[in-house]
Every structure is written in structure tokens, then in C-alpha cells.
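The values are calculated or read from the model by the stated rules, or taken from the named source; none is laboratory data. Every value quoted in this text rests on a predicted model; they were computed, and no experiment measured them. Here the Cβ positions follow ideal geometry from the backbone for every residue, glycine too, while neighbour counts run over all protein chains shown. Heads up: the accessible areas ignore ligands, DNA and RNA and are worked out on the full protein's heavy atoms, side chains in. Shrake-Rupley method; radii C 1.70, N 1.55, O 1.52, S 1.80 Å.
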Amino acid sequence: MIVAAGAVSSYNVDKKICHTGGDKAMPSYRKSAQVDMTHGSVLGRAALFALPICAGNILQLLYSTVDTLVIGNFCDTTALASVATSSQPLEILLCVFVGIGSGISILVSQAVGRGDRDQLQKLVRTSVWLLFAASLPLTVIGLLLGPWMLRLMQVPADAMPGAVLYLRITMLGILGNMGYNFNAGLLRGIGNSSSSLLLLFISCAANIVLDLVLTGALGLGIGGVAAATAIALFLSWICSIFYIRRCTELALPVLPCGFDAGTLRQIVRIGLPLGLNSALYSIGHVFLQALYNLQGSVFVAGCSVAGKVGGLANITVTSLSQATSVFAGQNLGAQDYRRLRRGGWLLPAASGLLALAGGLLMAACCRPLLLLFTQDEAVLAFAVRYIRVVLPFQWCYAAFNAIMSFANGMGEIRYATIVNIILLWGVRIPASYLLAWLGYGGYAMAGVPLSFVAGLLAMLFYYKSHAWADIRAHAEAQESAK
């Protein structure tokens, strides 16, 4: 939330809600696996935190990439399009609660920075209650509404049966999906980003084995790939429960055992705007997917394959963004405004430079990687075009996403949410549809880099906001007091 200059910022007010003493010692959650973002080199600590997330993102990308590889090699182009078009309905249903999971992570990082043990345990207990309260109804809703949403997206007729099958099976994995993401948010909030890597490795290995057995050996096709994904998600969740209970001091209950009303309100206040932002974003991608679907299965398959390869260049972006959010939360809790001022511009700059190098390299060397997914020349042509149009501008996305993550970690949700909505609904979707209307549907992906540039320009105004002015004023006051 952006506030008037000189006024008490929203995050200062928030500290009064659950602040139990800024002079408390840091909890003993900071074992070897945890990273204290309040001390040491800003970039060094962020990199130490981001590297396990980066490796984990590779494994998560491998999740969907293995599905695409197996489908591409054991099935046909129609099956590839089916899997590509079936993920959006699930994302729409989950994104609100994934955003709430991010809100939990932000609140945990702020509590850790303050050394507030009691609030940490309230957050843990309330998050488990919220997981079960939300996931089971979502599963039923997804099974009932999923096929209707696919029809609304104008999925190609030849891809519809496979898309419905994949969606219904993966919907059964919602509890495991949400459970793992909530628990990963708890771990990130206390500064532990490395443990998720082992948990993801276990589930990813299971996913690969099950893909090869169910689809490659038993010939179950799309159903086999979907079942492997759902089972692996539950395995991730179960392993995360065991890890948190045995290797951290967080008393994580296995089943819901009540919640704290005040803590639930805080989670909803921070997480709901993030979730609604993600929901609007996912709904926007349904409109984009509908436009892509109108270009035919070959175009859809090409964009899907390009998305897997392009995701490699996006790994550092998401990793550093999560590190930036935790950095902001922990240092806000510790009230180190000088460190916040430095990290607030240094981390976005570093993220942009890394993404620029990765995007240009991937655009130049994409074809050999794309050949791993498909030998179809028509599909390859669209995939190469997508990567060369989008990835050279990935650095803009990296920089503005890091600024957004910093603002979110500070509790400044509104500004970032408005910018995200504008760049999608005001730039990306209209530009893509305009290109299609002008007869350039094969270049509809050009709306993506245009939105990246618009997003960066918009988020740069954060440094002119009252919230940033407050950080600078507090930092100068701390310097004068030394």
C-alpha cells in the first residue's frame, strides 16, 4: 500500500499487530540450512538463498518438461496440445491459494526478523487449517467445472478429450500441490531454501519413473502422465511434512487442529491480494490461450515446447524474486532500513543482468534444445519464433518482478498488484489480439515482450513512491544515529 509522505507506512502499522518485542533474540531456526538475510553481503546472502531455489525450479521445470518429453516421444502432436491447454483451469483454481501461501511466507519472514516465536507457531497452525479448508472443496469444484472451462478456452476439438482427461486426473492432486507449496512457503520464510531441493528431487525422480512406466511401458498415454504428476505432488507434500517435523523447530500438525483468528486475518490481508492478482493473471492467460488455440494445434504445440525451453532462462528470475521477498521481510522485521535501501535496487539490477545474459544465450542456441521435444518441423518453426521474440526481453521481466517481490515483502501489495493487472489486461492481451486481428496471429506472442517493457517502466515508479521515500528517510535516520 502506498501512503502519503511523512505518514506512518502500512508496514509500520502492521508491526504493531503481532510485534512482541524487537529486541528478542533470533529464534534458533537458523541452523545450517537457514540463511540469515539480515547480515552479510546483500548479493551474497541472496545468492546463497536463491541457489537452492534455482535448483528446485530446475526440478519443477523438469516436472512439466518430462511430461512434454514423454508425450512428444510416445504420443502425437494432438496429445502434446492437450497437455499444453489443460493446465490453465487448474492454475486459476489454485492461484488464489498459492498467493495466500506466498503471504504466509512473507509473514513468517517478518516474524523471524522480529524473533517472534509465538507468532511463528500461530502461522504454522493456521496454515494447516487453511490448507484442508480450501483444498478439498477446490478438488470438487475443479472436477465439475474443469471441462466447462476448457470449452470456454476453445480448445481444439482434436485435443479436447485428452485435455479433459489430464485435467481431471491432476485435479485429484490439489491437496498435495497446495500442501507442498504452503510448507515450502513456511521453510522459505524461516530462511530455509535448501531443504525444498531434496524434497523436489525425490518427487521429481518419482514423476520420471512413473511417467516412463505408466506411459512408456504400459502405454497409458495422457492418463499415465497425469497420474504420475498427481502421485508425485502428494509425495512432495508428505516428505515436506516429515522434514519440517523432524528437522526444524516448527511444530507442524499433520491434520488441522484449529486456527488463530487474528493470524488468519493477517494471512488473508496479505495473501488474498497476491492470490487475486494471480487469479486475474491466470484468467488473462486463458484469454491468451484461447487466442493461441484459434491458431491450431501446431501453433499451440510450438508455444508449449518453447515455454519449456524458455523456462530455463526464467529460473534465475523466480529464484532471485523469492530471495528478494524474504530479504525484504526479514530486514523489515529487523528494522534495518539501510540494508533495505541497498537491497531494494541492487537485487532487481542483478536479476535483470542475469536474465539478459540467459535470454540472449537461449535465443541463440534454442534449436538443439527444441529438437529434444519434437522432430516436427512445423512445430519447431513456431517454437523458435516464440523464443526469439520473447526471450531477448526477459531481462525487463526479471527486473520489474524483483521490484514487485521487494514491495510485496515489505507488505506493499497494492501497487504491485495494480501494475501486474495493467501490464496483462492493458498491454499483453490487447496487443496479442490486435496482431491476430491484423492478420499476424502467428506472431501473437509479441504481446508478451511488450508487456515486459511496460511492466518495468511502471515498476520503476516505485522508487518515486512514498513507501520508498519512507525507507530512505528511516535509513538516513539510522545513519545519523550511528
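Tabulated results
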| item | result |
| --- | --- |
| All positions within segment 258-267 that are farther than 9 Å from residue 130 by Cβ and either at pLDDT below 80 or surrounded by 15 or more Cβ atoms within 10 Å (Cβ to Cβ) (or both) | 258, 260, 263, 266 |
| Test set (1) assigned to a loop (DSSP other than H, G, I, E, B); (2) farther than 26 Å from residue 408 by Cβ; (3) in contact (Cβ under 8 Å) with a residue 60 or more places away in the chain - residue 215 fails condition number | (1) |
| Count - residues of segment 367-385 that are assigned to a helix (DSSP H, G or I), of a type outside the set (A, V, I, L, M) and touching a residue at least 60 places away in the same chain (Cβ under 8 Å) | 2 |
| Selection from segment 198-229 of residues that are small (Gly, Ala, Ser) and surrounded by fewer than 20 Cβ atoms within 10 Å (Cβ to Cβ) | 205, 206, 216, 217, 219, 223 |
| Pairs where the first residue, in segment 274-297, is β-branched (Val, Ile, Thr) and the second is part of a loop (DSSP other than H, G, I, E, B), C-beta under 7 Å, 6+ apart | 286/153 |
| Residue match in segment 190-197 (condition: modelled with pLDDT of 80 or more, open to solvent by 20 Å² or more (accessible area, probe 1.4 Å) and either in a helix (DSSP H, G or I) or not hydrophobic (A, V, I, L, M, F, W, C) (or both)) | no |
| Restricting segment 106-141 to residues that are closer than 18 Å to residue 177 by Cα and of a type in the set (Gly, Ala, Ser), the residue that is most open to solvent (accessible area, probe 1.4 Å) | 133 |
| Segment 164-182: number of residues that are open to solvent by less than 10 Å² (accessible area, probe 1.4 Å) and closer than 17 Å to residue 239 by Cα | 6 |
| The one condition in (1) outside any helix (DSSP H, G or I); (2) surrounded by fewer than 20 Cβ atoms within 10 Å (Cβ to Cβ); (3) hydrophobic (A, V, I, L, M, F, W, C) that residue 250 fails to fulfil | (2) |
| Residue list for segment 318-356, filter: under 17 Å from the mean Cα position of the chain (by Cα), of a type in the set (A, V, I, L, M) and either outside any helix (DSSP H, G or I) or farther than 19 Å from residue 35 by Cα (or both) | 355 |
| Residues that are over 23 Å from residue 189 (Cβ atoms), crowded, with 24+ Cβ neighbours inside 10 Å and more than 17 Å from the chain's Cα centre (by Cα), drawn from segment 391-418 | 391 |
| Among residues of segment 361-397, those that are in contact with a Pro (Cβ under 9 Å, 6 or more places away or on another chain) and at pLDDT below 85, counted | 1 |
